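Undergrad: The structure follows.
The values are calculated or read from the model by the stated rules, or taken from the named source; none is laboratory data. This structure is a prediction, so every number in the text was calculated from the model and none was measured. Neighbour counts are summed over all protein chains in view; Cβ atoms, including those assigned to glycine, are modelled from backbone coordinates with ideal geometry. Accessible surface areas use protein heavy atoms only, side chains included; no ligands, DNA or RNA. Shrake-Rupley method; radii C 1.70, N 1.55, O 1.52, S 1.80 Å.
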Amino acid sequence: MPKMKLKDIISPFYVWQRSFEKPYTNNKPIDERPGAPSYRGFHVNDIEKCVGCGTCETICMNNAIDMVPVENLTAQVGDSGLRPRFDYGRCCWCALCVDICTTSSLRMSNEYAWVTDNPDDFRFTPGVDEKPWDDHPLGYRRDPDYSLLKLERPAMTMLSAEEGLNSFDEVVHGFTPEQAIVEASRCVECNICVATCPAHMNIPGYIKTIREQDFEQGLRLLYETNPFSSTCGRICTHRCEDDCVISHLGKPLAIRWLKRYITDQIPAEKYQQILQHKITENGKKVAIVGAGPGGLSAAYFLRLKGYQVSVYESAEKAGGMLRYGVPTYRLPDDALDKDIDYILSLGVSIHYQTTVGKEIDFQVLYDENDAVFFSTGLNVPSGLRIKGEDHPRVLSGLQVLCDVASQRDPGVGKKVAVIGGGNVAMDAARVCRRIGAEVTILYRRRIEDMPADPEEIEEAQAEKCKFVTQAIPGLIEKAKSLKQVVIQWGEAEMVADDNGGRPRPVLQEDKMHTDSYDCIISAIGQAGNYSFLPEDIKQQLVSQRGKFTVSNHQQTSNTKVFIGGDIANKTADAISAIADGQNAAIGIDEVLSLGMGTK
Amino acid sequence: MPSISQQPHKFDPPLEPDLTSGKYVKIWHGPQHPGITGNMSLELTICGDEVAHCKTHVGYLHRGFEKLMERRTFIQNFPVVCRIAVPEPAFNEYLYAAAIEEIAEIEVPELAQWLRVLNLELMRLASYLMWLGGSSGSFGMTTVYQWTVTHRDYILDLFEEMTGARIYHMYITPGGVRAKLPEGFKGRVLKVMQGVEKLLYEVEKVVFNNHVFKLRSQGLGIISKDMIDEYGIVGPNQRACGFERDLRKDQPYLVYDQLDFEVVTETESDAYTRAWVRYQEMHQSVSMIRQVLDKMPEGGSFHADLPNVLHWNVPAGETYVKAECTRGEYGYYMVTDGSEYLQRIHIRGPSYTHAVSVMEKLAVGINIADVAGLMVSLHTYPPEIER
Amino acid sequence: MKSLINRLTEQFKVSLEKQTKSDLCFIRVNKDDAEQLIRHCRDHESYTHLSFLTAIDRIEDNKFTLTYLLHNYQSHQSLGVHVELDRENPVMHSLHRLWGQMATYQRELKEIYGIEFPGSPRLNDEFFLEGWDQIPPMRKEFSTVEFCEERFPIREGRQSTDAKQTMKVEIYPGRGE
């Protein structure tokens, strides 16, 4: 029992002093009390910015988020058209969804009071279902100084420009195992890129196999849609990377290099054992004209379905543009051969140096086979359409590349002008640099207008190709020496297009230059050559702007004839040709095995 | 292996009184009882108004966090852990983060460490204020409860501003913290601290210099020195018994080694002394918060670089991390197997022993009116028992 | 900590599992020696404080691992003692006479993992659970998701849409397989 002290009796009466103080409480609803500026209140989503990647749904630990279709919003390349719907019966306002949002479209307002008599109201799609707090400027946002996503790529080791100039060795070394895992773990598995890839490869699927170090499974996934994975892992135009959701805030995943990494891990002799392709012959025959990526891809997929496939190729070796148009420092022969050898190993018969229309008639193929697929590519260089272009010192970019690939001397001399801004122009220029020439690239528009891959442009610049942009060639003349040629070109001014198109170059007649070169390489485009087609079949084929019109499965109006590759698609790249090959195989199979037309 | 001898032993549970004798009545204290901390109940057998036997019952929270965390990824667990102890979520956040950081060898930036200490000490103060209110309430002084909860709310306002939420801050993430301090925040903290100090001055007059409080709490629930280690008693409960043990001093974590403070100890070890120890620690927290604001770096990174959290395989490992929470040693025992999920997590809360074995022992022989007072004097949180 | 481990290995059949940091290490001992070892640590090595006892379900090895975590207030070091139990028949000697709170831990482990501690007081009293008729819930094979799906309906209208499928249908119908 404590001793009683007077102080302990009096002291507690201090309580009374408080009765004169104002209350601490708020007088709701008269006094409003807004949430703190960064309070985690109700969600706000900028649906214009959102691309429906569903990463918020993945990270939500309460399963409070569903991705739902939204009225007036359809899927398009790079956007699934879905938007997150929140179930506030489950949400705990942890804001992980905001932190991980790949586009920063999702945030929270500082509003925290919401009264409604219908519990289903608490399931809503922010940004779509209008809410009073949609315009509140305050609320939680991810602090830009931290991110739950990895936004930077590991640096790829490459040959330096000086080293590159001295050899035709591959410039890009490929990822190290550590880099590959770091890069693969940046993927959020949203599947948005799958729609962009012309071949619709299972990209998140094979990236996952890198994280799991299961390269055999990775190879199997690659070969489901693309028998040219080793090649595409090097030279693909990688449009998937343009739509990678990580690209909204950071560097997109290096999907191309990751694909290459998988194929680099597995030696060619193991392919058969891993892929375990079992072929049941179905007794039907298909002829394929052109052993480029389109033709061989069709051959691969048809062969898997049991067709007897004969490929006719005019060149000495298979690969088409991949072999004769892409220099070995981008795509070494052994990487290409790895892919081609596997396709051929499945029992595809190939006739080299057999030009259809010369050695064998198209009609024969047509009559002797159940279907014909051709993807003969664009191999006729377009002319410069200027006076004097038939000068013997005007070479075509394709020819130069082909000569170098076949280890012939292209005879370009020491001082070269390349005209054009596409990949062929860049490749031709870089090849010439490697055989010791000084190179000037003349292009009508600006660098940012060049259709070539940005990496190619950067590497060409690093290799000291001289870029002269907004230069329009006017006239080609004889030089004093037979080994030289003179070109007149004028400076151009970019004029905005009134119809909203891209700006046009307009020649300024008063700013003309005259230069002399050892040769001029024209690389401004290519066209197809269809002289091998018999007239009656040619009549049946519909073409538009130089490209054949085909069905989803590459079928023409002649149900037996299928076309793919650069001559049928707008994108004119390897991966599109490969996709065409696959779809042609599906179409041919539908026609031949099910006896139905294709869509 | 020796078999358990049949001789009675001090740790054997006390024999239950014979209810058929007619001398005893069994009553339930809780789970819905304002004098109980949280949702738990005491099964009391009383003889007159004296408690003859006490059994603790938990299980009213129905949670199983440890199990739920095994099927969530490492980042997904971060919003879960704060729910384990409602009045004191920050310690859970910190320990969960610290355990991962230790296993995954993540270096936490200095600014983040200071911000964590600021967060933890504000949390300690808020939690003590709530306890102080509950404690006064349990001894019949509900007015004090209004005061302390008000000031706790002022701290919650600070949390709201600092972290984006009042109770479940989700601020301390693996790798650092989630945000920098807002503009002018320090000044507002200092202002709230002034208010708290004024409040503490008043509380001293009204609670600690109060004959009624002394009458009821002095001599109540005395914990003997032997019991401390025998029952694993920690925190203010052991410091009130004369043990100078405080993890912030003994095994300093974060930046506690750069703060100036003395471990508070007393010797009486009854309910009053325990309250007095906590009261002094509140002053200590106020002083630490001022030191932190004073010493913390102005800028710098507040979050370490993590791998993509969607594919985060924390390496295989095992660790036990602990921190001094308001009730003593709070620990996370984490076992990982290199996958994206936890192999096991065990959360060690001080109330596990305080509210079960210690409570059952101390309750015997006290007046039934003092049961609530005894319980708050041990400062128990049932959520720590049933994680 | 090294000298402690050396002293312990001289007297008991223990093996060092890992030292995670300077003030924490884990040792393994077989179940029949555990009581003696732990008692020795408590009485002669100043490991007077029991932080906790818990179990880990190592279903892949068909084992339970018990962890007794002891603490030395003088040296501020902690010692984790691992004891492996057969998962099919998990029985451990009851150590409730070493610490006052041990019985509670053992009671919990009985309930959530089904580990027996013969002789432990109130071992079979319900602890968290009430009227539980399933397998002990912390065991790895117990699925909380299945448990919930069996008992509670999913809220109507909760349906997520697959982005890959939607984009296939809307952007490239008929292309690819």
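Undergrad: Between the stretch A:155-225 and the stretch A:388-418, what's the alpha-carbon centroid distance in Å?
TA: A separation of 34 Å, based on Cα centres.
Undergrad: If you don't mind, another one. Just need log10 I(q)/I(0) for the stretch B:86-227 at q = 0.09, 0.10, 0.12 Å⁻¹, Debye formula, equal scatterers on the alpha-carbon atoms, no solvent, rounded to two decimals.
TA: Log10 of I(q)/I(0), two decimals: -0.36, -0.44, -0.60.
Undergrad: Over all alpha-carbon pairs in chain A, figure out the percentage whose distance exceeds 43 Å.
TA: The calculated P(r) of chain A puts 37 percent of pairs beyond 43 Å.
Undergrad: For the Cα atoms of chain B, what angle does the longest principal axis make with the long axis of helix B:110-138, in degrees from 0 to 90, nearest 10?
TA: 20
Undergrad: From other protein chains only, count the Cβ atoms within 10 Å of every residue's Cβ in A:328-336, then give the mean.
TA: If you average over the peptide's residues, the count of other-chain Cβ atoms is 0.
Undergrad: Equivalent-ellipsoid semi-axes (√(5λ), Cα gyration tensor) for the protein assembly as shown, whole Å, largest first?
TA: Computed over the protein assembly as shown, the values are 74, 33, 27 Å.
Undergrad: What translational D, rounded to a whole number of µm²/s, comes out for the stretch B:326-377 from Stokes-Einstein when the hydrodynamic radius is the Kirkwood one over Cα pairs, at 37 °C and 0.692 mPa s?
TA: 244
Undergrad: If you take the accessible area of C alone plus B alone and subtract the pair, what total do you get in square angstrom, rounded to 100, with a 1.4 Å probe?
TA: Approximately 4300 Å², summed over both chains.
Undergrad: Report the far tail of the P(r) of the stretch A:170-239, meaning the percent of Cα-Cα pairs longer than 19 Å.
TA: Of all Cα-Cα distances in the stretch A:170-239, 33 percent exceed 19 Å.
Undergrad: Length gain on complete extension for the stretch residue A:559 to residue A:269, per 0.36 nm per residue less the alpha carbon to alpha carbon distance? Please report the intermediate quantities before stating the final value.
TA: Values: separation 290, 0.36 × 290 = 104.40 nm, distance 3.83 nm.
That works out to 100.6 nm of additional length.
Undergrad: Using the Kirkwood formula over every pair of different C-alpha atoms, what hydrodynamic radius in Å results for the stretch B:143-282?
TA: With all distinct Cα pairs of the stretch B:143-282 included, I get 17.6 Å.
Undergrad: While we're here: Dimensions of the stretch A:233-341 along principal axes (Cα, Å, largest first)?
TA: 53, 30, 26 Å, listed from the longest principal axis down.
Undergrad: Report the label-to-label distance for residue A:145 and residue B:143 in nanometres (one decimal), using points 7 Å from each Cα along the Cα→Cβ vector.
TA: Taking the two extended label points, one gets 4.6 nm.
Undergrad: Follow-up. Using a 1.4 Å probe on the protein chains only, how many percent of the accessible area of the stretch C:1-67 belongs to carbon and sulfur?
TA: Roughly 43 percent of what the probe reaches on the stretch C:1-67 is carbon or sulfur.
Undergrad: Considering only C-alpha atoms, what is the centroid distance from the stretch B:112-129 to the stretch B:198-261, in Å?
TA: A separation of 18 Å, based on Cα centres.
Undergrad: May I ask for the Rg/Rh ratio of the stretch A:386-512, computed from Cα atoms with Rh as the Kirkwood radius, given to two decimals?
TA: Ratio of gyration radius to Kirkwood radius: 0.98.
Undergrad: Another question, then. Please give the solvent-accessible surface of residue A:39 in Å², to the nearest 10, using a probe radius of 1.4 Å with every protein chain present.
TA: Residue A:39 exposes around 40 Å² with every protein chain in place.
Undergrad: Which value at 222 nm does chain A reach when only helices count, each DSSP H run of 4 or more adding -39,500 (n - 2.57), with the total divided by all residues and rounded to the nearest 500 deg cm²/dmol? Numbers along the way, then the final one.
TA: Details: 21 runs with 174 residues, N = 599.
Calculated from helices alone, the mean residue ellipticity at 222 nm is -8000 deg cm²/dmol.
Undergrad: Determine the sum of side-chain charges near residue A:564: Lys and Arg each +1, Asp and Glu each -1, restricted to other residues whose C-beta is under 14 angstrom from that of residue A:564.
TA: Charge balance near residue A:564 sits at 0.
Undergrad: By the scheme Lys and Arg +1, Asp and Glu -1, what is the net charge of all other residues having a beta-carbon under 10 Å from that of residue B:345? Please report the intermediate quantities before stating the final value.
TA: Details: positive: B:67, B:344, B:387; negative: B:66, B:70.
With Lys, Arg at +1 and Asp, Glu at -1, the net is +1.
Undergrad: Per residue of A:54-61, what is the mean number of Cβ atoms on other protein chains within 10 angstrom of that residue's Cβ?
TA: 4
Undergrad: How would you order A:448-460, B:306-318, B:127-139 from highest to lowest mean count of nearby Cβ atoms within 10 Å?
TA: Values: A:448-460: 17.0, B:306-318: 19.4, B:127-139: 24.6.
Peptide ranking by packing, descending: B:127-139, B:306-318, A:448-460.
Undergrad: Considering every residue in A:139-149, what mean count of other chain Cβ atoms within 10 Å of its Cβ is obtained?
TA: 5
Undergrad: For the stretch C:97-117 and the stretch A:306-340, compute the distance between their C-alpha centroids and round to whole Å.
TA: 70
Undergrad: Next up: Could you name the aspartates and glutamates in cross-link range of residue A:285, using Cα to Cα under 15 Å and dropping any fewer than eight places away on the same chain?
TA: A:367, A:368, A:370, A:589, A:590
Undergrad: Still on this structure, please answer the following. Go ahead and estimate [θ] at 222 nm for chain B from helices alone: -39,500 (n - 2.57) per DSSP H run with n ≥ 4, summed, over the residue count, rounded to 500.
TA: -13000 deg cm²/dmol
Undergrad: Can you pull a Stokes-Einstein diffusion coefficient for the stretch C:1-130 at 20 °C (1.002 mPa s), Rh from Kirkwood over Cα pairs, as a whole number of µm²/s? Can you show the working numbers first?
TA: Working: Rh = 15.0 Å.
Translational diffusion coefficient: 142 µm²/s.
Undergrad: Now for a different question. Just the number, please: Stokes-Einstein D of the stretch A:43-135 in µm²/s, Kirkwood Rh from C-alpha pairs, 25 °C, 0.890 mPa s.
TA: So the translational diffusion coefficient is about 183 µm²/s.
Undergrad: List the equivalent ellipsoid semi-axes of chain B in whole Å, largest first, each obtained as the square root of 5λ for an eigenvalue λ of the Cα gyration tensor.
TA: That gives 36, 27, 18 Å for the three semi-axes.
Undergrad: Of all DSSP beta bridges located in the stretch A:43-135, what percent are antiparallel, nearest 5? Don't skip to the end; give the middle numbers.
TA: Details: 11 of 12 bridges.
About 90 percent, rounded to the nearest 5.
Undergrad: Which of the helices in chain C, when you take each full DSSP H run, stretch at least 18 Å along the axis at their Cα atoms and have an average Kyte-Doolittle score of -1.0 or higher?
TA: none
Undergrad: May I ask for the accessible area buried between chains A and C, both sides summed, probe 1.4 Å, to the nearest 100 Å²?
TA: The summed interface area works out to 2300 Å².
Undergrad: Taking the Cβ of residue A:82 as the centre, find all other residues whose Cβ is under 10 Å away and add up their charges (Lys, Arg: +1; Asp, Glu: -1).
TA: For residues surrounding residue A:82, the net value is -2.
Undergrad: Given a cut-off of 18 Å, what percent of all Cα-Cα pairs of the stretch A:364-431 lie beyond it?
TA: Distances greater than 18 Å cover 50 percent of the Cα pairs.
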